[in-house]
Amino acid sequence: MSQKSTIIWLQGLTCNGNSHSFFNYPQMPSFAASFEMLYHPLLCGAEDFLSLLKSDTKFDFLILEGALSHDERLIERFGIAFYEILDVLAARAKHIICAGSCASFGGVFRLRDPQKITGALFCGKEKGGYWLEKANVINISGCPVHPRWLVETLLALHVGEKVLLDDFLRPKEVFSYLVHHGCLRNEYFEWKVDSQQLGEREGCLFYEHGCVGPMSHANCNKILWNGVSSKTRAGSPCLGCTEFDFPRVALYETQKNMSLPQTPFGISKRAYYSLAGVAKSFKIERLEKKLIDENH
Amino acid sequence: MDKKLRKSEKILDAALMLFSTRGFYATTIPDIAKAMGMSVGNMYNYFSSKEMLAKEIIKYSSDILGAEIRRVNEEEGNTKEKIRKIVAVYFEMASSKPQHINYFLRVYLANKEVFKDGCEGMLCVSSFVTELMIFFEEGVACGELRNQDFFSAFGLFMGYLGGFVFLSGEGVLEKDLNHYVDEIALNIYNALKH
Ligand code: SF4
Ligand code: SF4
């Protein structure tokens, strides 16, 4: 690919988490071979930014990190109201990529004032965020976004591939999987054996510890984080950080109605409760025991 | 439905009737064969033992009651109305087909040793219990019922109904079961509501 794609990275209300996650992309040199970062707030200064803003050059990717707002009292950059900056840049960008759940859905900032603070095209699950409509937006949710989700989507667009999106405008390549897929605790889930405590090798985290892996869209347990592990593999529940309702309250507790948890994505209550009731009727000794028993 | 299946169901009906009136131990396979007008040998083509027959019956009864509650679950209406409907369905069954509920109370619950292999936990009554799970979960989700432990609510609901049918069977009640539907439904609602 001869021509590099150009990127401007703009931050709304954010903790920098998505930037840091991106900087952990392990093949940065190969990324740099295909992309040129015209501006990133953690790498460049005001001068670069203001000259970019004044020019009328088109560029390929506007990456948004953080929740957005039209209210200038809430966000400004270099003394300029944020909405003015965003409107100018958005008009010149070929693609707008929301990196992380805050830019996609509003995230934790939205909880403060959902009227004023939203994602680019969504406010939680409702359509209509900073913009009511916009055709060139892709949401890559996550708290933070996984560096590979971001870079691989950028690469696909860079080489002219079509990126298929789900109903929340997330790339299907990543978000048609559930976190439950590939979790090492699946057998415990099947037989309804829950972990006694966080961090244990044994047990599933669905019934007592708030795991929402079976209803959260992401391929964390397929590609892993840093190539080595994932929350659920390490013994922490999936907190559902890629979904529109992140963060929920009491993340480490399973929300239940009359002891009955929410059912896995796309599985009816009737199907799930019947099967779970059957599985619970048996006590599987192997699964009750420690995986590695020091005395045997 | 194929012929063998239909015949099996008739055997289940006949055995259910005998077990629920005379009891499990007092009923023999020859008794059931006789009621069916079949030879004892032929009976064993359908069910290999009396225990197996007993387990199939509890699943069969649970399916029938479960299907009735499922209908209530799938109807429109608020939880208060649905409680009334479930009570009505249960009492109606206890009046018109008392064998199902008697079997549950007098055979299934009273002779756990017969059911311990193959009907562990909820296995043989799951079609019925699942419908109550759905009913309770939805009741809490829509804000009408208080969130609590499933079995606390289940015990209150089914223990009450079972106990009442038992009283009725003992001839203690002055009036017909149906007469009590509204009052009992209201009591259950008041106990479980938010
Ligand atoms: S810990 Fe979570 S993701 Fe893993 S098997 Fe259990 S429910 Fe699924
Ligand atoms: S495991 Fe769940 S909470 Fe953790 S990163 Fe993946 S989607 Fe987010």
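The values are calculated or read from the model by the stated rules, or taken from the named source; none is laboratory data. If you're wondering where the values come from, they're calculated on a predicted model, not measured in any experiment. Don't worry about glycine lacking a Cβ; one is built from the backbone with ideal geometry, like all the others, and counts go over all protein chains shown. Accessible surface areas use protein heavy atoms only, side chains included; no ligands, DNA or RNA. Shrake-Rupley method; radii C 1.70, N 1.55, O 1.52, S 1.80 Å.
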### Task
Answer with one residue from B:A33, B:Y160, B:L192: the one whose Cα lies farthest towards the positive end of the charge dipole of chain B, charges on Cβ with Lys, Arg +1 and Asp, Glu -1.
B:A33
## Note on the structure
Given unit charges at Cβ for Lys, Arg (+) and Asp, Glu (-), the dipole magnitude of segment A:114-226 about its Cα centre in debye, nearest 20, is 380
## Note on the structure
Computed, not fitted: 222 nm per-residue ellipticity of chain B from DSSP H runs ≥ 4 (each -39500 (n - 2.57)), nearest 500, equal to -22500 deg cm²/dmol
### Query
For A:V88, B:V114, what's the largest-to-smallest order of accessible area, 1.4 Å probe?
A:V88, B:V114
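Please go through segment B:91-150 and write out the GluC sites (Glu not before Pro) that DSSP classes as loop and that have at most 15 other C-beta atoms within 10 Å. The partial results should precede the final answer.
On the way: sites: B:E92, B:E113, B:E120, B:E131, B:E137, B:E138, B:E144; in loops: B:E120, B:E144.
Within segment B:91-150, the qualifying GluC sites (Glu not before Pro) (loop, at most 15 other Cβ atoms within 10 Å) are B:E120.
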### Message
With every protein chain kept in place and ligands, DNA and RNA left out, what is the accessible area per residue of segment A:39-133? Probe 1.4 Å, answer in Å².
### Response
48
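Trypsin sites (Lys or Arg not before Pro) within segment A:72-168: which are DSSP loop residues with at most 10 other Cβ atoms inside 10 Å? Don't skip to the answer; put the middle values down first.
On the way: sites: A:R73, A:R77, A:R92, A:K94, A:R110, A:R112, A:K116, A:K125, A:K127, A:K134, A:R148, A:K162; in loops: A:R73, A:R112, A:K116, A:K125, A:K134, A:K162.
Loop-located and lightly packed - A:R73, A:K162.
Taking every DSSP beta bridge with both residues inside the protein assembly as shown, roughly what % is antiparallel (nearest 5)? The partial results should precede the final answer.
On the way: 12 of 32 bridges.
That works out to approximately 40 percent antiparallel.
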### Summary
Under 18 Å by backbone N from the virtual spin label 7 Å along Cα-to-Cβ at A:M37, the residues of segment A:91-127 are A:97-100
### Task
For segment A:27-85, state which GluC sites (Glu not before Pro) are in a DSSP loop and have at most 13 other beta carbons lying within 10 Å of their beta carbon.
A:E72
## Note on the structure
If one builds a Gaussian network model of chain B from Cα atoms under 10 Å apart, the most fluctuating residue listed among B:V165, B:V89, B:V40 is B:V40
### Query
Label-point separation (nm) for B:E74 and A:K172, each offset 7 Å from Cα along Cα-to-Cβ?
3.1
### Message
Tell me which cysteines of chain B come out unpaired when the rule is another cysteine's Cβ under 4.7 Å.
### Response
B:C142
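Leaving out ligands, DNA and RNA, calculate the buried accessible area for the pair B and A with a 1.4 Å probe, summed over both sides, in Å² to the nearest 100.
Values: alone 10230 and 15580 Å², together 24230 Å².
That pair hides around 1600 Å² of surface in total.
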### Message
List the Cys residues of chain A that have no partner Cys with a C-beta closer than 4.7 Å.
### Response
A:C15, A:C44, A:C98, A:C102, A:C123, A:C183, A:C204, A:C211, A:C220, A:C238
### Message
In segment B:86-128, whose amide N lies under 15 Å from the spot 7 Å out along Cα-to-Cβ of B:S49? List them in ranges.
### Response
B:112-120
### Query
Which ³J(HN,Hα) values, rounded to whole Hz and listed in residue order, are derived for segment A:11-27 from phi using the Karplus coefficients 6.51, -1.76 and 1.60 in 6.51 cos²θ - 1.76 cosθ + 1.60 with θ = phi - 60°, glycine and proline given as x?
9, x, 7, 8, 9, 6, x, 6, 4, 5, 4, 4, 5, 8, 4, x, 9
### Query
For the protein assembly as shown, what % of the accessible area comes from carbon and sulfur atoms, probe 1.4 Å?
53
### Dipole-positive endmost among B:N78, B:Q99, B:S62 within segment B:1-111 (Cβ charges, Cα centre)
B:Q99
### Task
Taking 7 Å along the Cα-to-C-beta vector as the label spot, tell me the B:T28-A:W191 distance in nanometres, rounded to one decimal.
4.3
### Query
With charges set only on the Cβ (+1 for Lys and Arg, -1 for Asp and Glu), what does the dipole of segment A:7-106 come to about its Cα centre, in debye to the nearest 20?
180
### Query
Of the residues A:S34, A:S281, A:S230, which exhibits the maximal mean-square fluctuation in a Gaussian network model of chain A defined by a 10 Å Cα contact cut-off?
A:S281
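With each run of n ≥ 4 DSSP H residues scored as -39500 (n - 2.57), what mean residue ellipticity at 222 nm is computed for chain A after dividing by its residue count and rounding to the nearest 500 deg cm²/dmol?
Working: 13 runs with 89 residues, N = 296.
Helix-only estimate at 222 nm: -7500 deg cm²/dmol.
Ordering A:W225, A:W131, A:W149 from largest to smallest accessible area (1.4 angstrom probe), what's the sequence? Write out the running numbers ahead of the final one.
On the way: A:W225 65, A:W131 35, A:W149 5 Å².
Of A:W225, A:W131, A:W149, the descending order of accessible area is A:W225, A:W131, A:W149.
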## Note on the structure
Taking chain A, the whole-percent share of alpha-carbon pairs separated by over 25 angstrom is 52
## Note on the structure
Pseudo-spin-label distance B:S96 to A:R201, built 7 Å along Cα→Cβ, given in nm, is 5.9
### Task
Quick one: check the C-alpha center-to-center distance for segment A:163-205 versus segment A:6-71, whole angstrom.
31
### Message
Order A:256-266, B:174-184 from most to least packed using the mean count of other Cβ atoms within 10 Å.
### Response
A:256-266, B:174-184
#### Entry: Cβ neighbours within 10 Å from other chains - mean over B:136-146
3
### Query
Just the accessible area for B:Y25, please: 1.4 Å probe, Å², rounded to the nearest 10?
130
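Of all the C-alpha pairs in segment A:177-282, what % are more than 18 Å from each other? Write out the running numbers ahead of the final one.
Numbers: 2484 of 5565 pairs.
Of all Cα-Cα distances in segment A:177-282, 45 percent exceed 18 Å.
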### Task
Work from the charge dipole of segment A:177-282 (Cβ charges, +1 for Lys and Arg, -1 for Asp and Glu, about the Cα centre) and give the residue of A:T263, A:C241, A:Q197 farthest towards its positive end.
A:T263
### Query
At what distance in angstrom do the alpha carbon centres of segment B:8-27 and segment A:226-275 lie from each other?
45
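Under unit Cβ charges (Lys, Arg +1; Asp, Glu -1), what dipole magnitude, rounded to 20 debye, does the protein assembly as shown have relative to its Cα centre?
920
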### Message
I need the fraction of alpha carbon pairs in segment A:118-241 separated by more than 23 Å, rounded to a whole percent.
### Response
39
